[in-house]
Structure formats: C-alpha cells, structure tokens
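Here the structure is laid out as structure tokens; the discussion comes afterwards.
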Amino acid sequence: DTGVSQDPRHKITKRGQNVTFRCDPISEHNRLYWYRQTLGQGPEFLTYFQNEAQLEKSRLLSDRFSAERPKGSFSTLEIQRTEQGDSAMYLCASSSTGLNTEAFFGQGTRLTVV
Amino acid sequence: AQKITQTQPGMFVQEKEAVTLDCTYDTSDPSYGLFWYKQPSSGEMIFLIYQGSYDQQNATEGRYSLNFQKARKSANLVISASQLGDSAMYFCAMREPLRSGYALNFGKGTSLLVTP
C-alpha cells in the first residue's frame, strides 16, 4: 500500500490524557498537512510541513496541540491534556510541490475523549 | 477571506441517473483552484477533480465533470450514470494560499445517496 497511512485508526482516551497520532505520507511527497474534521463539517486545516520545516502552525487550535516531522518523512500530532471538545477525526494529507497538485488523504484517526 | 458554500445537506439520486452537487465560492484572489473530494464512510478523502480559475475548459475525469461558471462563482460537480458506490459525502474545496504553499478550505459537504 503506497497511500497515506495513519495510526491508530481509533483512539479513546480519558479527559486530561495526552495522545499522539502518527502519519506516514506518500514517500515522494515533501508536503504534509494535518486537518481536523468534526461531525457535519468539512475538514479544517491545522498545520503544514514542507520537508521537516513546519511552515504554518498558526491554525493549531490551542497551545495543547503540536506537530512534528523530524526527518521530513513521517509526522506526529500530539494533543496534551485532552478535552471533550477535542473529539473529532484527525486527517493527514500529503502532496508534492506544485500549485495544482492534489493532496492525498489518509483514512484518519478518530479520537473520542470521555 | 475565502468562503466555500455547499447548500445541499443531502441529495438522492437513482442509479444510472446524473446528479449535480452545488458549490459556490467567494475569493478576492484572481488566481485560485477548486477541488472536489469524496469521503465514503471509511473516512478517507478521495480526490475527484480539479478546476483552475484560468482553465479555458471545464474539467472532466471519467464520470465526473465540473460545471464551472466563473462569473457566478460556482463550481458544481456533475456525476453521470450514478452507481451505488457513489453514495458518500462530497466536499468542495478551494486552494487557500499560505505564506509558503497552500492548504485546502473545505465546504460543509453534501451527502449523496444513490438508490437502486
């Protein structure tokens, strides 16, 4: 399988716990994106990497959210001190460089905070 | 600021019929790109079709075509010969420029149900 893969697919956590999600992009893609999707809404952009550089992080929802892409390959999204409002689908996407190139999405990680 | 509007929360279509899913947009940028994605119940967003603002012709990809009316700021997706497997959420999105690169700005989506 050469698509974008995300792990885990589902995560249930207690309020206040930290969670970390992993994304493995398509290997030749240097751009990587994280989105959040809540029920009944379209995906909402969170952050973006080109290679290992995080070029946009102002849309991360709070300082409890952070993302890394240490070697320009896989990425992790961490949420600290989770709240019930963090329950959502977290989607990762990757693309090659170019204005008209489409982004390829993974199947997402569904987070439930109880 | 950009805005993507999908006014149809849900649509029904009979198998083998054509269906049009509406998308209107607003942007002050003269150069922009519009995308349509399909999201089945499995969760993955599947790219369907792209239309650039300067493209001379409406985009087509197999059974998918885009009815692009620039003056009306609409980019409706037309699915011909619907199949049961087309049942899914459909999202219209616009390319949103970032300081370096771009992200996608999505509408709320339209749920399509194809009936036998």
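Values quoted throughout were computed directly from the atomic coordinates according to the rules given, and no laboratory measurement underlies them. This is a predicted model, so every value here is computed, not measured. Glycine also receives a Cβ, built like all others from the backbone with ideal geometry; neighbour counts cover every protein chain displayed.
Among DSSP bridges having both ends in the range A:11-114, what percentage is antiparallel? Round to the nearest 5. Bridges in the range A:11-114 that DSSP calls antiparallel: roughly 90 percent. Here each label is just a point 7 Å from Cα along the line to Cβ, and for A:Thr112 and A:Lys14 those points are 1.7 nm apart.
With neighbour counts taken as other beta-carbon atoms within 10 Å, the residues A:Arg59, A:Arg36 rank, fewest first, as A:Arg59, A:Arg36.
The shape of chain A can be summarised by an equivalent ellipsoid whose semi-axes, obtained from the alpha carbon gyration tensor, come to 23, 14, 13 Å from longest to shortest. Rounded to the nearest Hz, the phi-derived 3J(HN,Hα) couplings of the range B:86-100 under the Karplus curve 6.51 cos²θ - 1.76 cosθ + 1.60 (θ = phi - 60°) are 7, 4, 4, 8, 10, 10, 9, 9, 10, 5, 10, x, 10, 4, 9, where x marks glycine and proline. The local environment of A:Ala67, defined by Cβ-Cβ distances under 13 Å, has a net charge of +1 under the rule Lys, Arg +1 and Asp, Glu -1. 3J(HN,Hα) couplings calculated from phi for the range B:71-85 with the Karplus curve 6.51 cos²θ - 1.76 cosθ + 1.60 (θ = phi - 60°) are, in sequence order, 5, 8, 6, 10, 9, 7, 8, 10, 10, 9, 6, 4, 10, 4, x Hz; Gly and Pro show x.
Across peptide A:103-113, what mean number of C-beta atoms from other chains lies inside 10 Å of a residue's C-beta?
That works out to 3 on average.
Computed about the Cα centre, the dipole magnitude for the protein assembly as shown is approximately 500 debye when only Lys and Arg (+1) and Asp and Glu (-1) carry charge, each at its Cβ.
What's the FRET efficiency of B:Glu61 with B:Met11 using the Cβ-Cβ distance as r and R₀ = 25 Å, to the nearest 0.05? E between B:Glu61 and B:Met11, to the nearest 0.05, is 0.80. Legend: mean number of C-beta atoms from other chains within 10 angstrom of residue C-beta atoms, peptide B:104-115, equals 3.
Legend: mean number of C-beta atoms from other chains within 10 angstrom of residue C-beta atoms, peptide B:41-50, equals 5. Computed on the Cα trace of the protein assembly as shown, the radius of gyration divided by the Kirkwood hydrodynamic radius gives Rg/Rh = 0.97. Of the residues B:Met11, B:Met45, the one with the fewest other Cβ atoms within 10 Å heads the list, and the complete ranking is B:Met11, B:Met45. Both radii were evaluated on the Cα set of chain B; the Rg over Rh quotient, with Rh as the Kirkwood radius, amounts to 0.97. Residue order for B:Tyr37, B:Tyr32, B:Tyr54, fewest other beta carbons within 10 angstrom first, comes to B:Tyr54, B:Tyr32, B:Tyr37.
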